[in-house]
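Peer 1: Got a structure here, written out as structure tokens. Questions coming.
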Amino acid sequence: IFVIFITLVFGYFILLHSDLYHLARSSGSAILFLSNIFFFYFLNDYYNPEAIFNPLLHTWSLAVEIQFYILFPFLFVFIKKFIKQTYLPLLIIGLMSLLISEVGSYVEPRINFFGLQSRIWEFFLGYFIFFFKDKTNISLNNFIKYLLYFAMVLCAMLFDENSRHPSLITFVFLIIPSILILNKNQKNYFYFDRGLIFFGLFSYSLYIWHYPILSLSKSILFDQGIIIKISLLMLS
């Protein structure tokens, strides 16, 4: 709410009337956690070149998360009460969601990107990692660990607007951080590990601040060199 308020204040002085109007509408959807639906109808395409001029575009993912957190307890209680066995029904629902995301990445990639139905399996993957992490015995040496780090960075560089996401490709990518989370060998932290932990500790705050700053600055400075980008990152 604080980020939305500050964004509206700065947006009032920076944005044109029509852009400010859309910011006001998107702020309402962000507060109600309906941003994914709003931006699907309003923007239609996350990779639209004009997307950067929507300072609250990044709240679409928060909307998906809250929608899941509201839905999941009811689903879990229903399964516990009427089916008793929880893992198999959740596994089936997760696989169905993964199948929907794979088909949707071909048929209707925009709904697939913004829709909760294509994201449920991602949450369930985390669910199963959490509940089975004590039953696994994965211990990575430093070479394998840093190889996985490199693979994650490489994937982040290769993913673009042409990548089918979410889909089976996303699932393959998420295997990498899943293995790192399940890693029992938490010794021998080096500077790179500490750097990741440093950013990880405030990654949510960095996430919600960075996009409004990048977006509003784009409305002022269309040509941003490396110095400007580093300055914006530091400001975030």
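Peer 1: Using alpha carbons only, how many angstrom separate the centre of segment 139-154 from the centre of segment 25-54?
Peer 2: Result: 35 Å between the Cα centres.
Peer 1: Kindly list the residues of segment 99-130 that lie in the label zone of residue 78, defined by a backbone N under 17 Å from the point 7 Å along the Cα-to-C-beta vector.
Peer 2: 116-121, 124, by backbone N distance to the label point.
Peer 1: Just order 37-49, 55-67 by mean Cβ neighbour count inside 10 Å, highest at the front, would you?
Peer 2: Numbers: 37-49: 16.1, 55-67: 21.1.
Highest-to-lowest ranking by the protection proxy: 55-67, 37-49.
Peer 1: A further question follows. Could you check the simple spin-label distance between residue 87 and residue 133, using points 7 Å along Cα→Cβ, in nm with one decimal?
Peer 2: Rounded to a tenth, the inter-label distance reads 1.7 nm.
Peer 1: If you don't mind, another one. How much of the accessible area of the chain, in percent, comes from carbon and sulfur atoms when a 1.4 Å probe is used?
Peer 2: Numbers: 10940 of 14870 Å².
In the chain, the share of accessible area belonging to carbon and sulfur is 74 percent.
Peer 1: Something else now. Once both labels are modelled 7 Å past Cα along the beta-carbon direction, what's the residue 230-residue 141 spacing in nm?
Peer 2: 3.7 nm
Peer 1: Find the all-direction average of the projected area of the Cα convex hull for the chain, expressing the result in square nanometres with one decimal place. Intermediate values should be presented prior to the final figure.
Peer 2: Values: hull surface 59.5 nm².
That works out to 14.9 nm².
Peer 1: Over 32 Å between Cα atoms, which of 80/133; 184/218; 84/145; 80/135 qualify?
Peer 2: Values: 80/133 22 Å; 184/218 43 Å; 84/145 38 Å; 80/135 22 Å.
In this structure, 184/218; 84/145 exceed 32 Å between Cα atoms.
Peer 1: Per residue, how many Å² of accessible area does the chain show with a 1.4 Å probe?
Peer 2: On the way: 14870 Å² over 236 residues.
With the other protein chains kept in place, the chain gives 63 Å² per residue.
The values are calculated or read from the model by the stated rules, or taken from the named source; none is laboratory data. Quantities reported herein were computed from a predicted structural model and do not represent experimental measurements. Because the Cβ atoms are built from the backbone with ideal geometry, glycine has one as well, and the counts that use them run over all protein chains shown. SASA here: full protein model, heavy atoms, side chains in, ligands and nucleic acids out. Shrake-Rupley method; radii C 1.70, N 1.55, O 1.52, S 1.80 Å.
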